[in-house]
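The values are calculated or read from the model by the stated rules, or taken from the named source; none is laboratory data. Being a predicted model, the structure only gives us computed values, none of them experimental. Here the Cβ is made from the backbone with ideal geometry for all residues, glycine too, and neighbour counts use every protein chain on show. Accessible surface areas use protein heavy atoms only, side chains included; no ligands, DNA or RNA. Shrake-Rupley method; radii C 1.70, N 1.55, O 1.52, S 1.80 Å.
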Amino acid sequence: MHPGRRRQPGLGIMLLFYQIFGVIGYENIPPVTLGTIGLQAAIFLRLFKLPWYKPTHVCVSAYNVWTKKEYSRLIFAAFEHADDWHLYYNMLSFAIKGRSLERRFGSVRFAYVLAVFTVLTNAVLVALNVLAIKHLGDNDQCAVGFSGVIFALKVLTTYYDSNHLTQVMGIPIVIPARYAVWVELLLIQLFVPNASFYGHLAGILVGMAYVKGPLKWIMDLVYSLVKGILFPSSLNTRFTPRAEPSGYARAREQYNEYVPPGMSEEEQVRRAMEESLQGESRSNGVPPYSSPPFTSNMPPPPPGFIFGETSPREPPPPPPGFYPDLNDLRSRREARFTRF
């Protein structure tokens, strides 16, 4: 193929676009996952100039990486595919796994996981090839594609998935989710003999090292260090004195201001009534009441007292005519009895 000539989209590419835009919906795919799919489709179609011409120029093998020290293949090989059907199956599987994992990790951390898995998967593939050539007498294999990274992501999805039973490759056989990647590894090798067995196995080992081994701890440590160097102020944002308290903390502070801790239920009710009366007084232009001096050990004020005063006072005199005159009542009774 000429270096500058673009590839014509085949049936696999058209089916991939149909799945992304017509079935799944590109708006339902997170940005890193969608961008990775678009990048690999653009690389396959040769929409821009690449540092390689054919898949054999970037494929990963023990000879090319271990012997010739061409370490760039550890990255480039993951983004090259043999044909459009290879790209279709890989990207469709990646779209499903990327949707759940990117929403779980966040876009930045998921991009970091993809970058690390891409390099580690191909590095483990080279190591497996070297061991197989040395101890099993196998021939050197040169592999391309994103399948190893997808198998690593599949280990993560089955680990985080709450469903403990699943099907493999649409076959109506239900098995525990933790064994799905191993069964799929064997089935792909039976139905697709040209698939890279060591590439898929390398992805499974990387995924297992992340969920069961020390890889996650190491990656999280590096991520925290890099984030602290690039964004030093973001680590202490929530702990600075100027930071606003959370909604629950602010509500708790308002509650403590309104009802101080240690008050009995009666004191809380009386305090609430005072606050309500003060609020109504302020809204009507009436001066608010002062805080009452009573404590929980004092009885409530007797009738005739103005609630809130510091010293008792006598009740006001009754209005005229409220009580009869005793002398007038006595003279009326005497006149009544002397009449007879």
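Relative to the Cα centre, the charge distribution of region 88-162, modelled as +1 at Lys and Arg Cβ and -1 at Asp and Glu Cβ, gives a dipole magnitude of about 320 debye. Taking all Cα pairs closer than 8 Å and separated by 6 or more residues, the relative contact order of region 141-205 comes to 44 percent.
Note on region 49-161: Cα convex hull, mean projected area over all directions, 8.1 nm².
Length available on full extension from ILE173 to PHE191: 0.36 nm per residue minus the Cα-Cα distance, which gives 4.8 nm. Here the Karplus relation 6.51 cos²θ - 1.76 cosθ + 1.60, evaluated at θ = phi - 60°, turns the backbone of region 105-110 into coupling constants of 7, x, 5, 5, 5, 5 Hz, with x for every Gly and Pro. Put simply, the amide H of VAL168, placed in the peptide plane, has neighbours under 5 Å in ILE173, leaving out anything fewer than 5 places away on its chain. Within a straight-line Cα-Cα reach of under 23 Å, LYS216 can be paired with the following lysines, leaving aside sequence neighbours fewer than 8 residues apart in one chain: LYS97, LYS154, LYS227.
In this calculation the C-beta distance from VAL211 to HIS135 is compared with R0 = 35 Å, giving a FRET efficiency of 0.80.
With every protein chain present, what accessible area does SER224 have (1.4 Å probe, heavy atoms only), rounded to the nearest 10 Å²? Here the accessible area works out near 70 Å².
Stretching the chain fully between ALA82 and MET14 yields a gain of 22.9 nm (0.36 nm per residue, less the alpha carbon separation). A simple spin-label model places pseudo-atoms 7 Å from Cα toward Cβ; at LEU225 and SER331 they are separated by 11.1 nm.
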